[in-house]
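Engineer: Input: one structure, supplied below.
The values are calculated or read from the model by the stated rules, or taken from the named source; none is laboratory data. Everything numeric here is computed off the predicted structure, so don't read it as measured data. Note that we place each Cβ from the backbone using ideal geometry, even for glycine, and neighbour counts take in every protein chain shown.
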Amino acid sequence: MAANLLQNAEYRCAAHLPHQLPPDQGLEVAFSGRSNAGKSSALNALCQRSGLARTSKTPGRTQQLVFFQVAEDRHLVDLPGYGYAEVPLHLRVHWQEFIDGYFQSRKALTGLVVVMDSRHPLKDFDRHMMGYAFTRGLNCHALLTKADKLSRSDQAQTLAAVKRELAGRASVQLFSASARQGVDEARAIVTGWLGLTPKGPYRAPSPE
Ligand code: GDP
């Protein structure tokens, strides 16, 4: 089995203000998702570290960008998965400005993984986040989580519908942290973007 290049992931820092961001160097991949989409479970599965993304959920961190270092100058960035209604207006405005600035100017940012519950994909929040990636021409990957909750035929239908909707602007895959479905595929995308694996298209293993 290939070594997991993300398994050395360690919490590095959390940023609530631009000056708290780590130096803008190397490469980083951001993860967005509405709360409860399965983002923490996905990050934990990708890194094979069961408690890793719990760090992002500790009180006070839910409105911050949380950086995990996977190698020197290589980071995964956990973006806040807030629900609008839960957040006071001044925080919403702050977050919007902070995230706008981050997406517009962050040179290290190479790609965005949009984590969505496969039963409710492409909500306004997800489209908004994808908009940042498309505007900047960043890599974008849609992770349709909790696929184990769908039948095989619903999985296929959802995958096709999301692919159709995104029309090649993002890659799309089914994923389940609990059934360990699609973990290698997602990991290959992220490590490729981070320049940790030799370039070349990822080839999914043929179905059994
Ligand atoms: P986050 O808020 O986006 O970080 O979501 P979490 O990773 O904390 O997951 C939210 C809920 O969905 C938790 O109860 C998880 O156990 C559950 N969950 C996450 N991933 C999966 C999955 O692949 N399959 C199933 N059935 N449940 C999942």
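Engineer: Please indicate, with yes or no, whether at least one residue in region 132-142 is within 16 Å of the ligand (Cβ to nearest atom), over 12 Å from the mean Cα position of the chain (by Cα) and farther than 18 Å from L43 by Cβ.
Structural biologist: No, every residue in region 132-142 fails to be within 16 Å of the ligand (Cβ to nearest atom), over 12 Å from the mean Cα position of the chain (by Cα) and farther than 18 Å from L43 by Cβ.
Engineer: Residue check: is Q25 in contact (Cβ under 8 Å) with a residue 24 or more places away in the chain and touching an Asp or Glu at 6+ places or on another chain (Cβ under 7 Å)?
Structural biologist: Judged against the criteria, Q25 is a match.
Engineer: May I ask you to list the residues in region 1-43 that are surrounded by fewer than 18 Cβ atoms within 10 Å (Cβ to Cβ) and within 11 Å of the ligand (Cβ to nearest atom)?
Structural biologist: Hits for region 1-43 are S35, N36.
Engineer: Can you name the residue in region 107-131 that is farther than 17 Å from R34 by Cβ, of a type outside the set (G, A, S) and assigned to a strand (DSSP E or B) and is also farthest from the ligand (Cβ to nearest atom) among such residues? Lay out the reasoning, then the answer.
Structural biologist: Keep residues of region 107-131 that are farther than 17 Å from R34 by Cβ, which gives 107-111.
With of a type outside the set (G, A, S) added as a condition, the list becomes 107, 109-110.
Pick out the ones that are also assigned to a strand (DSSP E or B) and you get 109-110.
Numbers: L109: 20, T110: 22 Å.
This residue is T110.
Engineer: Moving on to the next point. Taking A53 as the residue in question, decide whether it is touching a helix residue (DSSP H, G or I) at 6+ places or on another chain (Cβ under 6 Å), at pLDDT below 85 and surrounded by 12 or more Cβ atoms within 10 Å (Cβ to Cβ).
Structural biologist: yes
Engineer: Regarding S118, is this residue hydroxyl-bearing (S, T, Y), at pLDDT 80 or above and either farther than 21 Å from L166 by Cα or in contact with a helix residue (DSSP H, G or I) (Cβ under 6 Å, 6 or more places away or on another chain) (or both)?
Structural biologist: yes
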